[in-house]
Amino acid sequence: MSRIFSGIQPSGELHIGNYLGAVKNWTKLQHEHETIICIVDYHAITIPYEPAQLRTRRRDMALSLLAAGIDPNVATLFVQSQVPQHTELAWVLNTITPLGELERQTQFKEKSQRQESINAGLLNYPVLQAADILLYRANLVPVGEDQVQHLELSRVVARRWNATYAADNDFFPEPQPALTPARRIMGLDGQAKMSKSLNNTIGLLEPPEEVWKKLRPAITDPKRIKRTDPGTPEVCNIYHLHKALSAPDTVEHVAKQCSTAGWGCIDCKRVLFESMERELIPIRRRAEELRRDPAHVEAALADGAAHCRKLAGETMRGVRERMGFD
Ligand code: ATP
Ligand code: MG
């Protein structure tokens, strides 16, 4: 059985891109593998933030993940900053990570462009991410497409550390990505991928009226200007959302109606809204239940952190021994 690890930043609200690209996969894989899910709050401070807001967002993220279907009876859910070994291992890994590899990372280039002054944490983000994964010696990391490059780097780091310090040479397994067909959901503006920090999202817990308000003006195939212009489904984000959320015969119907101009984009969006509601209604209901029982959320996080501190402590003992710190 593989061990699965994945993380999400409490940098804003959980959105349908996170859900379709990663979180929904976690809820499935948790029944097939040992699964560890981390709310990576130390990652979230690599861009400017408000401390009070971080507190709320961390709690909201935990609640949203449980509402989305993470089951603390089968999976482990915890907050990164409650397990100090993450930053300890990150420091160690920093000393073997090639600087050039960090400078090449697309996420660093994109996120640093949006900052006036660039902090070293943003550059070293993938090292902390490698530490998150390697600390649990996880084999499989279910993520969206944007994280594939970071994972590649974590394999480089694992290989380097093994070759330098581990005579057995396989202390850290090389983690492989697990992707879904909805690995890259675009933002509603059609300009970039949907991102918590870009204000182009549909939140998983938004009320239906808000969802429709956002979906209605969302960008579709830019070449469909008049109602009578036939469209190309493959270039339309709405079609990709249909593929992730609608039944196969509906998806087929949508493609036909789009490419023959049988429907206008608004008709297509109405059908998507129905499919989306089918998925979101039970999630909203579970979130309501959890809001009434915050102790349940806190207990899940406390148990998760205690379990992870134990696992992380064991790995760090092995690391310290092999590096001459014992
Ligand atoms: P931020 O803007 O703060 O980076 P984010 O929306 O990119 O937020 P992350 O916490 O960085 O969210 O990523 C959580 C998980 O969701 C990762 O596995 C990531 O690959 C996945 N993910 C993020 N955005 C998308 C998207 N648009 N489509 C598919 N998967 C996504
Ligand atoms: Mg991100």
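Restricting attention to the stretch 177-225, report how many residues are among the aliphatic types (A, V, I, L, M) and closer than 19 Å to V235 by Cα.
Step one: filter the stretch 177-225 for residues among the aliphatic types (A, V, I, L, M), giving 178-179, 182, 185-186, 188, 192, 194, 198, 202, 204-205, 211, 215, 218-219, 225.
From what's left, closer than 19 Å to V235 by Cα: 182, 185-186, 188, 192, 194, 215, 218-219, 225.
So the answer is 10.
So in the stretch 60-117, with the set limited to residues that are acidic (D, E) and assigned to a helix (DSSP H, G or I), which one is farthest from ligand 2 (Cβ to nearest atom)? So that I can check it myself, show each step before the final result.
Taking the stretch 60-117 first, the residues acidic (D, E) are 60, 71, 88, 101, 103, 110, 116.
Then drop every residue that is not assigned to a helix (DSSP H, G or I), which leaves 60, 88, 101, 103, 110.
Working: D60: 17, E88: 24, E101: 18, E103: 18, E110: 9 Å.
Per the stated criteria, the residue is E88.
Mind counting the residues in the stretch 129-142 that are within 13 Å of ligand 1 (Cβ to nearest atom) and open to solvent by 10 Å² or more (accessible area, probe 1.4 Å)?
Filtering the stretch 129-142 down to residues within 13 Å of ligand 1 (Cβ to nearest atom) leaves 129, 132-133, 140-142.
Then drop every residue that is not open to solvent by 10 Å² or more (accessible area, probe 1.4 Å), which leaves 129, 140.
Qualifying residue count for the region: 2.
In the stretch 242-250, is there at least one residue being touching a residue at least 12 places away in the same chain (Cβ under 8 Å), within 17 Å of G203 (Cα to Cα) and aliphatic (A, V, I, L, M)?
Yes, because at least one residue in the stretch 242-250 is touching a residue at least 12 places away in the same chain (Cβ under 8 Å), within 17 Å of G203 (Cα to Cα) and aliphatic (A, V, I, L, M).
I'd like to know if the stretch 63-71 contains one or more residues that are surrounded by fewer than 13 Cβ atoms within 10 Å (Cβ to Cβ) and not aliphatic (A, V, I, L, M).
Step one: of the stretch 63-71, the residues surrounded by fewer than 13 Cβ atoms within 10 Å (Cβ to Cβ) are none.
So far as the stretch 63-71 goes, no, none of its residues is surrounded by fewer than 13 Cβ atoms within 10 Å (Cβ to Cβ) and not aliphatic (A, V, I, L, M).
Quick one: in the stretch 18-40, which of the residues that are more than 13 Å from the chain's Cα centre (by Cα) and either part of a helix (DSSP H, G or I) or within 12 Å of ligand 1 (Cβ to nearest atom) (or both) is surrounded by the fewest Cβ atoms within 10 Å (Cβ to Cβ)?
K28
Looking only at the stretch 41-59, filter to residues that are more than 14 Å from ligand 1 (Cβ to nearest atom) and in a helix (DSSP H, G or I); which one of those is surrounded by the most Cβ atoms within 10 Å (Cβ to Cβ)?
From the stretch 41-59, those more than 14 Å from ligand 1 (Cβ to nearest atom) are 50-52, 55-56, 59; that's our starting set.
Narrowing the set further to residues that are in a helix (DSSP H, G or I) leaves 51-52, 55-56, 59.
Details: P51: 7, A52: 8, R55: 12, T56: 11, R59: 17.
Step by step, filter the stretch 41-59, then rank; the result is R59.
So if I check each of L122, L188, which one is more than 9 Å from ligand 1 (Cβ to nearest atom) and either in contact with a strand residue (DSSP E or B) (Cβ under 9 Å, 6 or more places away or on another chain) or touching a residue at least 60 places away in the same chain (Cβ under 8 Å) (or both)?
On the way: L188 fails: either in contact with a strand residue (DSSP E or B) (Cβ under 9 Å, 6 or more places away or on another chain) or touching a residue at least 60 places away in the same chain (Cβ under 8 Å) (or both).
Checking each option against the conditions leaves just L122.
Which condition number does R227 fail, the rest of (1) away from ligand 1 (no atom under 16 Å from the Cβ); (2) at pLDDT below 95; (3) assigned to a helix (DSSP H, G or I) being met?
Among (1) away from ligand 1 (no atom under 16 Å from the Cβ); (2) at pLDDT below 95; (3) assigned to a helix (DSSP H, G or I), the lone unmet condition for R227 is (3).
Consider P181 carefully, then state whether it is in contact (Cβ under 8 Å) with a residue 24 or more places away in the chain, assigned to a loop (DSSP other than H, G, I, E, B) and open to solvent by less than 70 Å² (accessible area, probe 1.4 Å). Give the steps one after another, and end with the answer.
On the way: in contact (Cβ under 8 Å) with a residue 24 or more places away in the chain: yes; assigned to a loop (DSSP other than H, G, I, E, B): yes; open to solvent by less than 70 Å² (accessible area, probe 1.4 Å): no.
No.
Scanning the stretch 118-167 for residues that are small (G, A, S) and in a helix (DSSP H, G or I), which turns out farthest from the chain's Cα centre (by Cα)?
So the first thing to find is which residues in the stretch 118-167 are small (G, A, S), and the list is 120-121, 130-131, 138, 144, 154, 158, 163, 166-167.
From what is left, the residues that are in a helix (DSSP H, G or I) are 120-121, 130-131, 154, 158, 163.
On the way: A120: 22, G121: 19, A130: 15, A131: 16, S154: 16, A158: 21, A163: 30 Å.
The residue in question is A163.
Here's the yes/no breakdown for (1) closer than 14 Å to A67 by Cα; (2) assigned to a helix (DSSP H, G or I); (3) touching a Phe, Trp or Tyr at 6+ places or on another chain (Cβ under 8 Å):
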residue: K269; (1), (2), (3): no, yes, no
residue: R278; (1), (2), (3): no, yes, no
residue: P282; (1), (2), (3): yes, yes, no
residue: E289; (1), (2), (3): yes, yes, no
residue: A300; (1), (2), (3): yes, yes, no
residue: G313; (1), (2), (3): no, yes, no
residue: M316; (1), (2), (3): no, yes, no
residue: R322; (1), (2), (3): no, yes, yes
residue: F325; (1), (2), (3): no, no, no
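Out of P248, P282, P207, I need the residue that is more than 16 Å from ligand 2 (Cβ to nearest atom), more than 25 Å from the chain's Cα centre (by Cα), modelled with pLDDT of 95 or more and closer than 27 Å to V143 by Cα. Which one?
Numbers: P282 fails: more than 25 Å from the chain's Cα centre (by Cα); P207 fails: more than 25 Å from the chain's Cα centre (by Cα).
After applying the criteria, what remains is P248.
Answer with yes or no whether A120 is closer than 23 Å to C308 by Cβ and out of contact with any helix residue (DSSP H, G or I) (no Cβ under 6 Å at 6 or more places or on another chain).
Answer is no for this residue.
Name the pairs whose Cβ atoms lie under 8 Å apart, with the first residue in the stretch 4-24 and free of Cβ contacts under 8 Å to residues at least 60 places away in the same chain and under 15 Å from A62 (Cβ atoms), the second away from ligand 2 (no atom under 13 Å from the Cβ) and part of a strand (DSSP E or B), and 6 or more positions between them or separate chains?
The qualifying pairs are I8/I37; I8/C38; I8/I39; P10/I39.
Cβ-Cβ below 8 Å, separation at least six or inter-chain, first residue in the stretch 145-173 and open to solvent by 40 Å² or more (accessible area, probe 1.4 Å), second assigned to a helix (DSSP H, G or I) and within 15 Å of ligand 2 (Cβ to nearest atom): which pairs?
E145/G21; D146/T106; D146/Q107; Q149/T106; Q149/Q107
Here are the criteria: (1) within 15 Å of ligand 2 (Cβ to nearest atom); (2) of a type in the set (A, V, I, L, M, F, W, C); (3) crowded, with 17+ Cβ neighbours inside 10 Å. Tell me which single one A192 does not satisfy.
A192 satisfies all of (1) within 15 Å of ligand 2 (Cβ to nearest atom); (2) of a type in the set (A, V, I, L, M, F, W, C); (3) crowded, with 17+ Cβ neighbours inside 10 Å except (3).
The values are calculated or read from the model by the stated rules, or taken from the named source; none is laboratory data. Note that the structure is predicted; figures quoted are calculated from it, not measured. Cβ: placed from backbone, ideal geometry, glycine included. Neighbour counts: every protein chain shown. SASA here: full protein model, heavy atoms, side chains in, ligands and nucleic acids out. Shrake-Rupley method; radii C 1.70, N 1.55, O 1.52, S 1.80 Å.
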